[in-house]
Amino acid sequence: MSPVEYSEDPEPSERFPAGLLFVPVRSGPAGCTARFFRTPLGGRTAVGFTSVASLTATLGPDQASIRLSEPALRALAAPLGVTALTVDPSFPAPRPTAPRPRSVSARTPGAVGTPSTSALCR
């Protein structure tokens with residue numbers, strides 16, 4: 001029985017190599033490290049771009065990158081448990097914002113229904 005491929009199938013039965021990709025990296029103590037991102041559902045994914053223009057439009061002009069083939073990027077991500085690969089993402093997730101600091105001036109430490117200061121210092 002041959003696998004059936006549907007146009008709306010999010011994971012086609014055959015993966016076609018994307019060729020050389022521009023992979024976003026960050027510098028670390030051992031050199032450059034590939035950046036991994038989150039999908040809209042919270043899963044981890046490796047990301048590659050087919051052009052510098054696409055990478056720059058999505059992540060900005062200061063984003064460093066290296067060239068890797070799709071199989072090399074998958075091999076790099078697999079030991080970290082990252083099995084998804086997104087090529088040319090067009091809508092990155094919004095940057096997380098810092099949580100607003102809580103005001104503790106109106107609270108009495110130890111009062112019923114009020115979090116203690118140790119609960120606020122996580």
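Just the residues that are among the β-branched types (Val, Ile, Thr) and at pLDDT below 95, please, taken from segment 31-49.
To start, the set of residues in segment 31-49 that are among the β-branched types (Val, Ile, Thr) comprises 33, 39, 45, 47.
The answer is Thr33, Thr39.
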Problem - Tally, over segment 73-93, of residues that are part of a helix (DSSP H, G or I) and either charged (D, E, K, R) or exposed (fewer than 14 other Cβ atoms within 10 Å of the Cβ) (or both) - result: 5
Practice task
State whether one or more residues within segment 80-103 are touching a Lys or Arg at 6+ places or on another chain (Cβ under 8 Å) and modelled with pLDDT under 90.
Solution key: yes
Practice task
Please verify whether segment 51-59 includes one or more residues that are farther than 15 Å from Arg26 by Cα, free of Cβ contacts under 8 Å to residues at least 12 places away in the same chain and outside any strand (DSSP E or B).
Solution key: yes
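Among the residues of segment 20-47, which ones are without any contact (Cβ under 8 Å) to a residue 40 or more places away in the chain and surrounded by 12 or more Cβ atoms within 10 Å (Cβ to Cβ)?
Of all residues in segment 20-47, those without any contact (Cβ under 8 Å) to a residue 40 or more places away in the chain come to 26-33, 35, 41-42.
Result: Cys32, Thr33, Arg35.
The values are calculated or read from the model by the stated rules, or taken from the named source; none is laboratory data. Remember, it's a predicted structure, so these values are computed and weren't measured experimentally. Cβ atoms come from the backbone with ideal geometry, glycine included; neighbour counts cover every protein chain shown.
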